[in-house]
Amino acid sequence: MAEFLFEIGLEEVPARMIAGAEAELLRRVLALLGRERLLPESFDPLAGAKSYSTPRRLAVAVSGVRERQAAVSEEVTGPAVKIAYKDGVATPAAEAFARKAGVAVADLKTVQTPKGEYLAATTVKTGRAAAEVIAAEMPKELAAIYWAKTMYWLSPTGQGTSGGDPVRVGKPERFVRPVLWMACLLGETVVPVAFGGRVAGRATFGHRVLSSGDAFDVVSPESYAAQLQGEFVLPDVEARRHRIRKALDRAMREVPGARWREDHALVDAVTHLTEWPEVLLGGFEADFLQLPEEVLVTVMRDHQKYFAVENASGKLMPHFLTVVNIALNERNAAIIRQGNERVLRARFNDARFFWEFDQRVALADRVKLLDNVTFQKDLGSYAAKSERVRALAAALAGQIGGFVDLGALDEAARLAKTDLTTELVKEFTELQGVIGGLYAAAQGVSAVAAEAIYDQYVPAGMDGGVPRSVEGALLGIADRADTIAGMFGLGMEPTGSKDPFALRRSANGIVKILADTGVGLTLEPVIRLASKSEATGIKMTAFFRERLEFYLREVKGQAYDVVAAVMVTNFGDVRDAIARAEAISGVRGSQDFVAVCTAFKRMNNILTQASERSYRIAAQVQYGELQEGAEVALSQQLELRATEIENLASGLDYAGAVLEIARFGPLLTRFFEDVMVNVEDEDLRAKRLGLIAKILAEFSRIADFSQIVTAG
Amino acid sequence: MSSTVLKKALTFQELLFTLQTFWAARGCVLQQPYDLEVGAGTMSPDTFLRVLGPRPIRIAYAQPSRRPADGRYGENPNRLFRHTQLQVILKPPPERVQDVYLDSLVAIGIALREHDIKFEEDNWEWPVGGAWGVGWQVMLDGQEITQFTYFQQCGGMDLDPISGEITYGLERIAQFLQDADSIYDIVWSRDAVTGAELTYGDVRLHEEEQFSAYSFDYADVASLWKHLELFETECLALLAEGRELFADEASDRLAVKRFPVMGAYELALKCSHSFNLLDARGAISVTERVGVMARIRTLIVGVARLYVEQERLKQLTLPAGPPA
């Protein structure tokens, strides 16, 4: 058994890709070692394997790797006995087989096969050396790692050597960035993995600037992390993340009452941008705090990767924190702080210039500018879109019960896209909508309208909030539904992995708004009012159905079969579908409910058969007309409890209703044990079929329970 | 920063000298700026055409880059109508090219341990040129100072070998070195005898003022459209003629070699600049924009393909072996 280490050194890997690649490399190395019988039977990946990554390297360490594949014994069949022996003497055929199998002729056995008696031999395949296997297999695993974008750096065909510098030779793989080195050790032995024009050795490199810059040898896999730390590289991601958080906290002690604004995504980003992270506090002129916080935070966070600093009540303070990839001392801290502060000042100055410049033309006066901003070439300008959204938002408002400020909604729809003509949005495209809302508020547009404009793109994904007001929700729905309907009308619906207009995200947004706000709208009127033709409406219905299924599964964590069961009926009411799915998930473990589901499958099958055979099904069934105790009891209970179940369901107490339905489990089980439905007596059969049909009809308003997967 | 550090900082022209000397010492041909309006150093034929085809090259040049829409009449301390890029093309890139680049920062007075340097993902793309590459923006204490790209495609064609491109933003670096809050305060030169300084503003402010005014207020829209059409027509005619000439095996070798693909490229560049001026004048609606960009793309991609074909034909007509 030996410790194994593989490290690949790269020119800086994009931060967003590192975590996925680190996990994939670990997975691939373990799969390779497992497949090649190089791991012990009892291998525990949590204890025995560890992965590392920094911007410049990915690494995997595995302990307890076999130095040689376990031997495998195998029985091979040779020639037929009657050919192998002549008069009890081995023929050349037998000798050849024995030689091939690596055993003596005397050790050959005979086996009985359907074709007669044959020679056989037990061969022991000795395993190959681990180093040999890994050197052969590892390059394939490396080449298979998924990257969002890859590149060539070596000549793709190895050409271009005439005159000038020689082109680097080597098999040109595509990879995320050029490979600088590889280290691969099994115990203390080098495994010469070849990839990306390099061959793995023992050497690695430390921090680009803080280490001496020279390669140094990894003594053994166990010493890898500690040796790197000595060269200013913390290869463990969690350790770096922890160090960054501590350093952010520590830096905040310099400013009384201040805290850094929590930002998991940013902590993640800077963790993957540094090998030796330290934190530096900087400041800016308090005057800039007059600019909208959204703009300041976007500059700091998205453009500069700085953490914003706030006071106890969450108000921004004129400080920022930057995570550097260098060891700080008094001298360089002053230089680096000053550099960062100058950059931030320049950016804030730009933002202030745009903020003031844009105010010279009010949003209301920008409406006409939208004529020149194309939304989509066949769907016209943003002016045309705004008009459609105004009409659609008003129509949607007419569909809901509660109070809607129609004037504010209309104004919001009219002005919603005008911020696309502002310099600030051209500079900070990620703030579209937000900036419109801020300008609207600053220009005396009603607070309701300004807030609706501000919230129009919320939610951007499945996380995060929804519009704060019903007007914002209606605007957000109308805007997205108009886009989806327009694109579907042009035949530009998403297919497979292609969704260039992010229509799925738009539809997800609508589903989430309907689910998380009390706007009281269902999908049906949204689709009907937005779609310009019946054909588009049908396509949109199928599309939204799939989006809601996605939402129920991925966001609400509902199982496939539960989702399938609730989608059978009235899926357009998003909140209702969620409530029904949750009710079913609540009881699905109970034995009674499983019995109901099993019975539903049988009942469906029986009714399908009946209709295939054109059996009559009685429309009305009185329990007095039935014979067996089980069917009479079932019919009685149905009459007794159907109304109660109906009342619970219409009172939206789906949990209660499903519990009631589950109580039918034992009755249904007994029914199928005792009663034969398809009897010769045509009249009795019709009654029994009628009973089944009635049960299905009564209970299927909540879900199609036959869709629920039951064990056995 | 202490004043002693300030005194040591390179002037703008010393910065250029130092970087040029640095790259010349590493095998680069020093070319002069291209004498035509371009929006970026990449558009100079010394990059755009030389990265095509198999022939290795190392070349460096300072390229004034005009972006009419970025003009601010000389009033914005951080934005320019015309800025200066130092463009380095390494085809193919040498071993550990990032380390070579970092050495160039040391050469201009940036002590690496005194700063925070990060290579952050930034992939370059010039759709009109059918060109893209992957790489980084190099961040120095929060300031982007260099764009570093491994070209992958140009003129819509896969590149082989790959070129490494290093583009230094000279104004930003000078601002950084000299700790200047405004570009116009950058010391451009210092008299060796008297110590008298000329600033960036002394040398260039009037250009920024006048060209901002020209781009935003004076440039004649009707004329610009006409220019664009004239350049386009001539370029298209040349492209057609070139294609025909190169396709014909009987074409005269000398005629093939002398065919002005580069002339066609200049016409395409002039179209691009006319477009930029029209854009700055606000004369191009968003709808038209896509169409005009597609027209220019046709020219530039057409030139690139013709260039590759011409180079191939030239190789074919070379004598087979060394002269006797």
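Give the range B:87-113 a look and list any residue that's out of contact with any Lys or Arg (no Cβ under 7 Å at 6 or more places or on another chain) and in a helix (DSSP H, G or I), or say none.
B:VAL97, B:GLN98, B:ASP99, B:TYR101, B:LEU102, B:ASP103, B:SER104, B:LEU105, B:VAL106, B:ALA107, B:LEU112, B:ARG113
If a residue must be more than 7 Å from every other protein chain (Cβ to nearest Cβ) and closer than 21 Å to A:ALA346 by Cα, how many such residues does the range B:78-109 contain?
The total comes to 7.
I'd like to know if the range A:415-427 contains one or more residues that are surrounded by fewer than 23 Cβ atoms within 10 Å (Cβ to Cβ) and assigned to a loop (DSSP other than H, G, I, E, B). Reasoning before the result, please.
Restricting attention to the range A:415-427, the residues satisfying the condition of being surrounded by fewer than 23 Cβ atoms within 10 Å (Cβ to Cβ) are A:420-421, A:423, A:425-427.
With the extra rule that they be assigned to a loop (DSSP other than H, G, I, E, B), the set shrinks to none.
Taking every residue of the range A:415-427 in turn, none turns out to be surrounded by fewer than 23 Cβ atoms within 10 Å (Cβ to Cβ) and assigned to a loop (DSSP other than H, G, I, E, B).
Give A:ALA71, A:ALA59 a once-over and let me know the one that is away from chain B (no Cβ under 14 Å), in contact (Cβ under 8 Å) with a residue 40 or more places away in the chain and over 27 Å from the mean Cα position of the chain (by Cα).
Details: A:ALA59 fails: over 27 Å from the mean Cα position of the chain (by Cα).
None of the others qualify; the one that does is A:ALA71.
Please determine whether any residue of the range A:320-330 is within 30 Å of A:SER212 (Cα to Cα), assigned to a helix (DSSP H, G or I) and more than 11 Å from chain B (Cβ to nearest Cβ).
From the range A:320-330, those within 30 Å of A:SER212 (Cα to Cα) are A:321-330; that's our starting set.
Now restrict to residues that are assigned to a helix (DSSP H, G or I): A:330.
Retained after the next criterion (residues that are more than 11 Å from chain B (Cβ to nearest Cβ)): A:330.
Checked against the condition, which is being within 30 Å of A:SER212 (Cα to Cα), assigned to a helix (DSSP H, G or I) and more than 11 Å from chain B (Cβ to nearest Cβ), the range A:320-330 yields at least one hit.
Please state which of the following conditions A:ALA579 fails to meet, knowing it meets all the rest: (1) farther than 30 Å from A:GLY537 by Cβ; (2) touching a residue at least 60 places away in the same chain (Cβ under 8 Å).
(1)
For A:LEU652, indicate whether it is under 17 Å from A:ALA595 (Cβ atoms) and either assigned by TED's automatic domain parsing to the domain that holds A:GLU625 or free of Cβ contacts under 8 Å to residues at least 12 places away in the same chain (or both). I'd like the intermediate steps shown before the answer.
Numbers: under 17 Å from A:ALA595 (Cβ atoms): no; either assigned by TED's automatic domain parsing to the domain that holds A:GLU625 or free of Cβ contacts under 8 Å to residues at least 12 places away in the same chain (or both): yes.
No: the conditions fail for A:LEU652.
Regarding the range A:4-27, can at least one residue be identified that is touching a strand residue (DSSP E or B) at 6+ places or on another chain (Cβ under 9 Å), surrounded by 20 or more Cβ atoms within 10 Å (Cβ to Cβ), without any contact (Cβ under 8 Å) to a residue 60 or more places away in the chain and outside any helix (DSSP H, G or I)?
Checking the range A:4-27: not a single residue is touching a strand residue (DSSP E or B) at 6+ places or on another chain (Cβ under 9 Å), surrounded by 20 or more Cβ atoms within 10 Å (Cβ to Cβ), without any contact (Cβ under 8 Å) to a residue 60 or more places away in the chain and outside any helix (DSSP H, G or I).
Name the strands (runs of 3 or more DSSP E) wholly inside the range A:84-201 in which the number of residues that are surrounded by 21 or more Cβ atoms within 10 Å (Cβ to Cβ), at pLDDT 85 or above and in contact with a strand residue (DSSP E or B) (Cβ under 8 Å, 6 or more places away or on another chain) is 3 or more.
Working: elements: A:109-113, A:116-125, A:179-186.
Because the criterion is at least 3 residues that are surrounded by 21 or more Cβ atoms within 10 Å (Cβ to Cβ), at pLDDT 85 or above and in contact with a strand residue (DSSP E or B) (Cβ under 8 Å, 6 or more places away or on another chain), the strands (runs of 3 or more DSSP E) in the range A:84-201 that meet it are A:179-186.
With respect to the numbered conditions (1) within 11 Å of chain B (Cβ to nearest Cβ); (2) of a type outside the set (Phe, Trp, Tyr); (3) without any contact (Cβ under 8 Å) to a residue 12 or more places away in the chain, which one is the sole condition not fulfilled by A:GLU262?
Checking A:GLU262 against (1) within 11 Å of chain B (Cβ to nearest Cβ); (2) of a type outside the set (Phe, Trp, Tyr); (3) without any contact (Cβ under 8 Å) to a residue 12 or more places away in the chain, the one that fails is (1).
When you scan the range A:582-603, how many residues do you find that are over 11 Å from A:LEU659 (Cα atoms) and outside any helix (DSSP H, G or I)?
Of the residues in that region, 1 qualify.
Taking the range A:436-484 as the search range and keeping residues that are in a helix (DSSP H, G or I) and among the aromatic types (Phe, Trp, Tyr), which one is farthest from the chain's Cα centre (by Cα)?
Filtering the range A:436-484 for residues that are in a helix (DSSP H, G or I) and among the aromatic types (Phe, Trp, Tyr), the one farthest from the chain's Cα centre (by Cα) comes out as A:TYR439.
Based on this model, can you work out whether A:VAL367 counts as farther than 30 Å from A:GLY476 by Cα and of a type outside the set (Ser, Thr, Tyr)?
In short, no.
Suppose we filter the range B:35-44 for residues that are within 9 Å of the chain's Cα centre (by Cα) and either more than 29 Å from B:LEU278 (Cβ to Cβ) or outside any helix (DSSP H, G or I) (or both); how many remain?
Initially, the range B:35-44 is screened for residues within 9 Å of the chain's Cα centre (by Cα), giving B:38-44.
Going one step further and asking which of them are either more than 29 Å from B:LEU278 (Cβ to Cβ) or outside any helix (DSSP H, G or I) (or both), we end up with B:38-40, B:44.
The number of residues fulfilling the criteria is 4.
Given (1) hydroxyl-bearing (Ser, Thr, Tyr); (2) within 17 Å of the chain's Cα centre (by Cα); (3) closer than 30 Å to A:ASP371 by Cβ, where does B:TYR265 come up short, assuming only one miss?
B:TYR265 satisfies all of (1) hydroxyl-bearing (Ser, Thr, Tyr); (2) within 17 Å of the chain's Cα centre (by Cα); (3) closer than 30 Å to A:ASP371 by Cβ except (3).
Among the candidates A:PHE543, A:PHE571, single out the residue that is modelled with pLDDT of 95 or more and either assigned to a helix (DSSP H, G or I) or more than 16 Å from the chain's Cα centre (by Cα) (or both). Step through it out loud before you land on a result.
Working: A:PHE571 fails: modelled with pLDDT of 95 or more.
The unique qualifying residue is A:PHE543.
Could you list, in sequence order, the residues of the range B:205-244 that are outside any helix (DSSP H, G or I) and surrounded by 14 or more Cβ atoms within 10 Å (Cβ to Cβ)?
B:ALA219 - this is the single residue of the range B:205-244 that is outside any helix (DSSP H, G or I) and surrounded by 14 or more Cβ atoms within 10 Å (Cβ to Cβ).
Could you please find all residues in the range A:651-676 being assigned to a loop (DSSP other than H, G, I, E, B) and in contact with a Phe, Trp or Tyr (Cβ under 9 Å, 6 or more places away or on another chain)? Show your work before the answer.
If we filter the range A:651-676 for residues that are assigned to a loop (DSSP other than H, G, I, E, B), which is where we start, we get A:651-653, A:663-664, A:675-676.
Result: A:PHE664, single match.
Considering each of B:ASP279, B:ASP202 in turn, give the residue that is assigned by TED's automatic domain parsing to the domain that holds B:GLY155, in a helix (DSSP H, G or I) and surrounded by 12 or more Cβ atoms within 10 Å (Cβ to Cβ).
On the way: B:ASP279 fails: assigned by TED's automatic domain parsing to the domain that holds B:GLY155.
Selected residue: B:ASP202, the only one of B:ASP279, B:ASP202 that is assigned by TED's automatic domain parsing to the domain that holds B:GLY155, in a helix (DSSP H, G or I) and surrounded by 12 or more Cβ atoms within 10 Å (Cβ to Cβ).
I want to confirm something. Restricting to the range B:180-198 and keeping residues that are hydrophobic (A, V, I, L, M, F, W, C) and outside any strand (DSSP E or B), which single residue is surrounded by the fewest Cβ atoms within 10 Å (Cβ to Cβ)? Before you say what the answer is, go through the steps one by one.
Residues of the range B:180-198 that are hydrophobic (A, V, I, L, M, F, W, C), as a first pass: B:180, B:183, B:186-188, B:192-193, B:196, B:198.
After this cut, where a residue has to be outside any strand (DSSP E or B) as well, the list is B:180, B:183, B:186, B:192-193, B:196.
Numbers: B:ALA180: 21, B:ILE183: 25, B:ILE186: 25, B:ALA192: 7, B:VAL193: 5, B:ALA196: 9.
Per the stated criteria, the residue is B:VAL193.
Just name the residue that is farthest from the other protein chains (Cβ to nearest Cβ) out of those in the range A:202-228 that are of a type in the set (Val, Ile, Thr) and in a loop (DSSP other than H, G, I, E, B). Even if it seems obvious, please write down each step before you answer.
Going residue by residue through the range A:202-228, those that are of a type in the set (Val, Ile, Thr) are A:204, A:209, A:218-219.
Next, from what is left, pick out any that are in a loop (DSSP other than H, G, I, E, B): A:209, A:218-219.
Values: A:VAL209: 5, A:VAL218: 20, A:VAL219: 24 Å.
This residue is A:VAL219.
Exactly one of these conditions fails for B:LEU177: (1) more than 10 Å from chain A (Cβ to nearest Cβ); (2) surrounded by fewer than 19 Cβ atoms within 10 Å (Cβ to Cβ). Give me its number.
(2)
Is there a residue being at the interface with chain A (Cβ under 8 Å from one of its Cβ atoms), crowded, with 23+ Cβ neighbours inside 10 Å and assigned to a strand (DSSP E or B) anywhere in the range B:119-128? Before you say what the answer is, go through the steps one by one.
Within the range B:119-128, the subset at the interface with chain A (Cβ under 8 Å from one of its Cβ atoms) is B:119-121, B:123.
With crowded, with 23+ Cβ neighbours inside 10 Å added as a condition, the list becomes B:119.
Next, only the ones that are assigned to a strand (DSSP E or B) stay: B:119.
The answer is yes; a qualifying residue exists.
Is there any pair with a first residue in the range A:473-488 that is in contact (Cβ under 8 Å) with a residue 60 or more places away in the chain and farther than 15 Å from A:GLU387 by Cα and a second that is of a type in the set (Phe, Trp, Tyr) and surrounded by fewer than 24 Cβ atoms within 10 Å (Cβ to Cβ) whose Cβ atoms are under 9 Å apart and which are 6 or more apart or on different chains, and what are they?
Cβ pairs passing all conditions: A:MET487/A:PHE501.
Counting just the residues of the range B:58-100 that are within 10 Å of the chain's Cα centre (by Cα) and closer than 30 Å to A:TRP181 by Cβ, which one comes out surrounded by the most Cβ atoms within 10 Å (Cβ to Cβ)?
Restricting to residues being within 10 Å of the chain's Cα centre (by Cα) and closer than 30 Å to A:TRP181 by Cβ, the top hit is B:VAL88.
So the check is Cβ under 8 Å with 6+ separation or different chains; which pairs have a first residue in the range B:52-72 that's under 13 Å from B:VAL29 (Cβ atoms) and a second one that's assigned to a helix (DSSP H, G or I) and among the aromatic types (Phe, Trp, Tyr)?
Once the first residue is under 13 Å from B:VAL29 (Cβ atoms) and sits in the range B:52-72, its partners that are assigned to a helix (DSSP H, G or I) and among the aromatic types (Phe, Trp, Tyr) give B:ARG58/B:TRP23; B:ALA60/B:TRP23.
Where residues in the range B:129-141 are more than 8 Å from chain A (Cβ to nearest Cβ) and aliphatic (A, V, I, L, M), which of them is surrounded by the fewest Cβ atoms within 10 Å (Cβ to Cβ)?
Here the residue is B:MET139.
State all residues of the range B:45-70 that are more than 20 Å from B:ARG297 (Cβ to Cβ), more than 14 Å from chain A (Cβ to nearest Cβ) and assigned to a strand (DSSP E or B); if no residue qualifies, say none.
B:ALA60, B:TYR61, B:ALA62, B:GLN63, B:PRO64
The values are calculated or read from the model by the stated rules, or taken from the named source; none is laboratory data. Small disclaimer: the values here were computed from a predicted structure and weren't measured. Cβ sites come from the backbone with ideal geometry, for glycine too, and all protein chains shown count toward neighbours.
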